Amino acid sequence: MAEDSTQSGELSPEKRESLWRNSAFNLFWFGQICSTFGDAFSSIALPLLVLEATGSVAQMGLVTAIFSAGFVLTGIFAGVIVDRSEQRRLLLACDILRMLCYLLIPFSWWLIGPSLVVLYFVTALVSCLGMLFRVGYMALVPRLVGSTYIAEANGRLEASYAFMSIVGTFLAGLVVSKFGAPGAITIDALTFGLSALSLFFVRLRTAEPIQQEELEPSLWLRFLAGWRFLWQQPALRSITILLTLLSTLTAAITDIFIFHIKHDLGQSYTTVGLVFALATIGAILAGLIMPFLRKRLGFAICWIGGNILNSLSLLLMGLAINLSWLVLIGVCFMFTSTLASICSVSLRQEITPGPLLGRVTSAFWTIHYALAPLGAISTTWISERIGVPLAGVILGSLCLLISLSALLTPLRRY
C-alpha cells in the first residue's frame with residue numbers, strides 16, 4: 001500500500017472525496033471491528049467469571065477498579081510514548097500482547113481451575129496495554145483521515161463498533177451458557193490477533209514534525225505539556241472536569257446492571273447478553289447520525305443534552321423491574337452516552353495540534369480515570385448494601401446535577 005504523505009497531515013484534495021476510498025482507514029476500521037466483536041465477549045465474560053467465582057458484585061467492582069487504576073498509572077507516560085514512537089507499530093505490539101494476556105485466563109481456568117489472582121494480574125496488564133492503545137488510536141485517526149473527516153470517521157467507527165457489540169454481546173451470552181466464560185474470553189483474544197494483522201498492513205502518511213520547543217527535558221514535563229494544554233483550553237478544561245466526576249459515578253455501571261439482571265431479575269446468561277446487545281442499538285444510531293446532529297445543532301446541545309438524558313436514563317434504569325422496560329432505557333442510555341462521547345473525542349482531536357495529541361489524550365484519560373477505581377469499589381459496595389434500584393436513583397440524580405452544571409461553563413457557547 002503506497003504511503004500518501006503531506007507534512008500537514010491533511011488529505012490531498014483528490015483524496016477528500018470519500019472516506020470509503022481511504023484504504024488505510026478502511027483496513028484499520030476492519031481490524032477494530034474485529035477487536036470490538038471480541039471485546040463484547042469479554043465485557044460480558046469477565047464480570048460473569050467473577051460473579052460465578054464469588055457471587056459478589058463488590059468483587060466485580062474490584063476487578064473494574066484494578067482496570068481503571070492501570071489506566072491511570074499508564075496514562076502518566078502513555079502520551080509521551082505515543083508522541084515519540086511509530087504509532088502503528090506501537091498499536092500492533094499492544095494488540096499482540098493483549099492477545100497473549102487474555103489467553104492466560106482460559107488456559108489457567110482449564111488447567112488449575114478458577115483463580116482470581118490470575119484474573120487480577122491479567123486485568124492489570126491488559127488495562128495498561130489498553131491505555132497505550134487508546135492514546136495511540138486517538139493520535140492515529142487524524143493521520144488516517146485528516147481533520148476534515150475526523151467527526152465522520154469517529155461516527156463510523158462508533159456505529160460499527162456498536163453493531164458488532166450487538167452481535168458480540170448476544171453471542172457472548174450463548175457462548176458463556178454453552179462453553180463457559182473462559183471460552184468467550186478465548187474468542188476475544190483471537191480477535192486481537194486479527195486487529196494486529198490489519199495494523200501490519202496499514203501505511204500512514206508522514207506525521208507533523210515535532211518542534212524543538214516541544215521537546216521537554218523530562219518525562220514529567222512532557223506529561224505536563226498535555227495537562228497544560230487541557231487547562232488552557234476552556235472547552236477541554238470543562239469537559240475534563242465534568243467527565244471525571246461522571247466517570248467516577250459510572251465506572252462500574254456495567255457490573256451493577258449485570259448483577260441486577262442476574263441477581264435481582266433472576267435471568268440467564270443468554271438474557272444478559274441479549275439485553276446488552278439490544279441496548280447497543282442506541283449506540284449504532286448515535287454513531288450514524290452524530291455528524292448530522294453536530295452540524296445541525298452544534299456541540300453544546302449534543303454534548304450537554306446527551307449527558308442530561310444519559311443521567312435520566314441511569315436514574316430510571318435502576319427502577320426497571322421489567323426486561324422490556326430495561327431494554328428501552330438501555331437503548332436511550334447507550335444512544336446518549338455514545339453521542340456525548342463522539343462529540344468530546346472529535347472536539348479534542350480538532351482543537352489539539354498533531355504533535356501534542358498523544359500527550360493531551362493521555363493527560364485527559366489520566367485525569368478522567370483518576371477517581372474511577374474508588375468510584376467502582378464504592379458504587380458496587382453501595383449497590384450490594386442498599387440494592388441496585390435505590391443505588392441507580394442516587395447515581396442518576398448525582399449525574400444529572402453534574403450534567404446540568406455544564407450550562408454554567410464555557411461549553412454552552414460551543
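The values are calculated or read from the model by the stated rules, or taken from the named source; none is laboratory data. Because the structure is a prediction, the values reported are computed rather than measured. Quick reminder, even Gly has a Cβ in these numbers, built from the backbone with ideal geometry, and neighbours come from all protein chains shown.
Any residue that is on the phi < 0 side of the Ramachandran plot, surrounded by 15 or more Cβ atoms within 10 Å (Cβ to Cβ) and modelled with pLDDT of 85 or more - is there at least one of those in the stretch 206-215?
no
Return yes or no: is G168 assigned to a helix (DSSP H, G or I), out of contact with any Asp or Glu (no Cβ under 6 Å at 6 or more places or on another chain) and buried (at least 19 other Cβ atoms within 10 Å of the Cβ)? If you could, list the steps in order and put the result at the bottom.
On the way: assigned to a helix (DSSP H, G or I): yes; out of contact with any Asp or Glu (no Cβ under 6 Å at 6 or more places or on another chain): yes; buried (at least 19 other Cβ atoms within 10 Å of the Cβ): yes.
Against the criterion (assigned to a helix (DSSP H, G or I), out of contact with any Asp or Glu (no Cβ under 6 Å at 6 or more places or on another chain) and buried (at least 19 other Cβ atoms within 10 Å of the Cβ)), G168 qualifies.
Taking the options T361, T336, name whichever one is of a type in the set (S, T, N, Q) and in contact (Cβ under 8 Å) with a residue 60 or more places away in the chain.
Working: T336 fails: in contact (Cβ under 8 Å) with a residue 60 or more places away in the chain.
From the options T361, T336, the qualifying one is T361.
Does Q32 qualify as being in a helix (DSSP H, G or I), polar (S, T, N, Q) and either at pLDDT 80 or above or under 22 Å from T280 (Cα atoms) (or both)?
For Q32, the condition - in a helix (DSSP H, G or I), polar (S, T, N, Q) and either at pLDDT 80 or above or under 22 Å from T280 (Cα atoms) (or both) - is met.
Could you tell me whether any residue of the stretch 306-319 is under 23 Å from V176 (Cβ atoms) and surrounded by 22 or more Cβ atoms within 10 Å (Cβ to Cβ)?
Yes, the stretch 306-319 contains at least one residue that is under 23 Å from V176 (Cβ atoms) and surrounded by 22 or more Cβ atoms within 10 Å (Cβ to Cβ).
Surrounded by fewer than 20 Cβ atoms within 10 Å (Cβ to Cβ) and in contact (Cβ under 8 Å) with a residue 60 or more places away in the chain, is that true of I105?
Values: surrounded by fewer than 20 Cβ atoms within 10 Å (Cβ to Cβ): no; in contact (Cβ under 8 Å) with a residue 60 or more places away in the chain: yes.
Against the criterion (surrounded by fewer than 20 Cβ atoms within 10 Å (Cβ to Cβ) and in contact (Cβ under 8 Å) with a residue 60 or more places away in the chain), I105 does not qualify.
Under 6 Å between Cβ atoms, which residue pairs at least 6 apart in sequence (or on different chains) link something in the stretch 154-181 that is touching a residue at least 40 places away in the same chain (Cβ under 8 Å) and among the β-branched types (V, I, T) with a partner that is surrounded by 19 or more Cβ atoms within 10 Å (Cβ to Cβ) and not in a helix (DSSP H, G or I)?
I166/T280
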